[in-house]
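**Student:** Below are the structure tokens for one structure; questions will follow.
What follows draws every value from the coordinates through simple rules; no lab data is involved. Worth saying up front: this structure is predicted, and the values here are computed from it rather than measured. Don't worry about glycine lacking a Cβ; one is built from the backbone with ideal geometry, like all the others, and counts go over all protein chains shown.
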Amino acid sequence: MADILMPKATAVWLIDNTTLTFDQIADLCGLHHLEVKGIADGDVAENMRGVDPISGGELTREEILKGEEDPEYRLKTAPSKIAHIPQPKRKGARYTPVARRGDKPDAIAWFIRNHPEVTDPQISKLIGTTKATITNVRDKTHWNSANIKPVDPVTLGLCSQIELDEVIAKSSSRRRKMEAERAAQEEGPGLAPAEAVEQSDTAADPFEAPAPDAPEPSADDVFSAFKN
């Protein structure tokens, strides 16, 4: 798949403004050539507004000219102008817009229900909340407990999917350990060793029939067995 932000909208613009072939447009936008033909015929992406890849910095005019001159040429996207710029690392707590701050308890409840292996400091750092709020949601002592519903933080816009996956991946080993401990508790105590079973089976039974070669028990032996 090519690095085109809006492939179908870009294909619409290239069909309307260039003489590139369907195969060239399909290869650039990561689409099937029949899908590009459908766009040209109006069967696909009907009424979709085209997006200019030149103004968006995804394609150069020179690259389009090369493609128009040679139908076998495969267009290459323009290098990003900001990819080489290092992104500053975020320091301190995450800033959350005021409109989103009321959603944090829902995200905390989602972690508690679906990913208990994620620690409180990890939750606090990811969505920008406090340990006291996490404790209140877990203990159901939060002032709005009646209205809290588990919702994942990505849906709420509190973090990105990449950030969430990274936190869960870091806690995967802790989750496996928790599941193993839970399974051990559900299984209960194990079976008795085979040696103990064999010993109990071979223990002397006073009422067991004597061996063929054993002497006949006397009356005193029978009465002593009942007394014991």
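**Student:** Under the 0.36 nm per residue contour assumption, what length would be gained going from the current alpha-carbon distance of Q161 and E69 to full extension?
**Tutor:** 28.9 nm
**Student:** Step through the table entries K104/K177; K8/K104; K8/K170; K8/K149; K8/K125; K37/K66, compare each Cα-Cα distance with 26 Å, and write down the pairs that go over it.
**Tutor:** Beyond 26 Å: K104/K177; K8/K104; K8/K170; K8/K149; K8/K125.
**Student:** Hey, another quick one. Set the Förster radius R0 to 35 Å, insert the Cβ-Cβ distance between S145 and R175 as r into 1/(1 + (r/R0)^6), and round the FRET efficiency to 0.05.
**Tutor:** Using R0 = 35 Å, I get an efficiency of 0.85.
**Student:** Rg to Rh for the stretch 98-175: what is it, with Cα atoms only and Rh by Kirkwood?
**Tutor:** Here the Rg-to-Rh quotient is 0.93.
**Student:** Right, next: Between K131 and V154, with labels modelled 7 Å along Cα→Cβ, what's the label distance in nm to one decimal, could you check?
**Tutor:** 2.9
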